[in-house]
Amino acid sequence: MSRVRAISLFSGGLDSICATRLVMEQDVEVLAVKFVSPFFGYDILRDPEGYRLEIKEKYGIEVSVFDISEEYLQMLRHPAHGFGKYFNPCIDCKIFMLERAKAMLDELGASFLITGEVLGQRPMSQRRDTLNVIERDSATRSLLLRPLSAKLMNETEAEIRGWVERERLLDFSGRGRSPQIALAKTFGITDFPSPAGGCILADPILSSRIARVYQDNFVVTQQNMNVVDILLMLLGRQFLLPCHGWLVLGRDEKENDRLEELQEPGDIKLFIEERPGPVALLRRSAELYDNGGRREEDIAAAAGLVTRYAKKTDGRPIGGTVVIIEGNRRTELYQQPLDDETFKDWLI
């Protein structure tokens with residue numbers, strides 16, 4: 001007789017690790033799915049196989065990575081249950097991911113779903129009433145097992161059918177991590193992530209940038225934005241220039257490299273060669289300007305920001321030659337650094 005199989009929504013945090021392993025201990029084959037978007041886990045897409053091997057080695061868990069970026073951006077337009085303190089649609093996020101996982105059950109030959117949710121751990125999405133709403137709206141009420149708090153909840157199909165033994169499940173509640181840490185140790189796991197708000201949409205500064213798009217208060221609208229726009233919003237220093245150009249300025253070498261990776265046709269790249277300094281990306285320049293004069297004015301402003309944030313001489317910013325790359329065209333512009341007072345209102 002083949003083993004029962006389950007799908008675990010795997011965040012990579014301590015709770016999802018413990019929930020997955022707890023069910024695996026009952027001889028259930030668990031397939032962990034790691035959903036990623038620009039707001040959580042996106043860097044994993046650089047090396048999903050490396051991530052899979054790391055999780056297998058550290059925790060003994062088989063995980064597959066799925067990019068849900070495009071659908072997630074659509075969900076953010078009108079989350080039925082609204083947002084949390086910032087731009088975090090926690091309830092609709094969980095409903096969305098459970099719906100995606102439920103749709104994979106037949107394809108993967110799985111019979112039920114697992115999450116690492118703990119009753120009372122999060123004020124918005126893990127209250128008892130909210131957990132009930134999530135089950136209802138994702139149509140997973142009988143399918144969804146929350147092993148860490150199962151004894152505090154109604155029986156699910158997995159328990160009723162005997163796929164798992166209810167007595168071997170747990171009754172964790174509240175925000176403390178001590179029970180999970182102790183449980184992880186019983187599985188031989190001592191190296192696990194520290195608690196953190198892993199979703200960028202719960203970050204007060206970064207989420208406000210994203211919210212501007214969805215509130216139609218930005219040069220990029222929710223109708224024409226793409227995943228790269230979102231990734232750029234999460235990088236470096238951000239400016240809305242006088243003629244409404246959107247400029248992203250790298251703060252260090254890593255961000256400079258990332259900006260170059262994300263550059264798309266229609267973007268203008270600016271940098272300074274004569275001394276260390278930022279890479280700047282004037283985003284969507286080919287479509288955001290209605291005449292050349294406005295475009296050139298913003299390019300000059302962008303060049304002034306590049307020299308302002310380039311390495312200082314004798315403790316002060318100085319002028320320099322800024323290289324401007326647009327497609328296959330390279331030009332140079334000598335520009336003095338902008339005074340901080342000039343651009344303070346441009347900062348996003």
Which whole-number percentage describes the relative contact order of the chain, with Cα contacts under 8 Å and a sequence gap of 6 or more?
13
Going residue by residue through the stretch 29-34, the Karplus relation 6.51 cos²θ - 1.76 cosθ + 1.60 with θ = phi - 60° gives ³J(HN,Hα) values, rounded to whole Hz and with x marking Gly or Pro, of 7, 10, 9, 7, 10, 10
Relative packing of 139-145, 75-81, which averages over residues the other C-beta atoms within 10 Å, highest first
139-145, 75-81
Please give the peptides 186-192, 149-155 ranked by average Cβ packing (other Cβ atoms within 10 Å per residue), highest first, as a rough proxy for protection.
149-155, 186-192
At a 10 Å Cβ-Cβ cut-off, how would you order S138, S178, fewest neighbours first?
S178, S138
Between the stretch 72-86 and the stretch 151-214, what is the separation of their alpha carbon centroids in Å?
21
Where the only charges are on Cβ atoms (+1 Lys, Arg; -1 Asp, Glu), what is the dipole of the stretch 208-348 about its Cα centre, to the nearest 20 debye?
220
Under a 5 Å amide H to amide H cut-off, with H placed in plane at 1.01 Å, what residues pair with S111 once short-range neighbours are removed?
R5, A6, I7
Per its Cα gyration tensor (rounded if a/c is under 1.5, else prolate when a/b beats b/c, else oblate), the stretch 289-348 is best filed as oblate
Take the alpha carbon gyration tensor of the stretch 5-186, find the square roots of its eigenvalues, order them as a ≥ b ≥ c, and report rounded if a/c is under 1.5; if not, report prolate when a/b exceeds b/c, else oblate.
rounded
Would you mind working out the magnitude of the charge dipole of the stretch 1-85 relative to its Cα centre, with +1 at each Lys and Arg C-beta and -1 at each Asp and Glu C-beta, to the nearest 20 Debye?
220
Nothing charged except the Cβ atoms of Lys and Arg (+1) and of Asp and Glu (-1): what's the magnitude of the dipole of the chain about its Cα centre? Round to the nearest 20 debye.
900
What does the net charge come to around V28 if you take all other residues with beta carbon closer than 10 Å to its beta carbon, with K and R at +1 and D and E at -1?
-1
What order do you get for 101-110, 87-96 when each peptide is scored by the mean count of other beta carbon atoms within 10 Å, highest first?
87-96, 101-110
Reach of K94 by Cα under 29 Å, taken over lysines that are not fewer than 8 positions away in the same chain:
K34, K56, K58, K85, K102, K151, K185
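Every number here is computed from the coordinates shown, using simple stated rules; none is lab data. Computed from a prediction, not measured in an experiment: that's the story for all the values here. In this analysis, Cβ positions are derived from the backbone assuming ideal geometry, glycine residues included, and neighbour counts consider all displayed protein chains.
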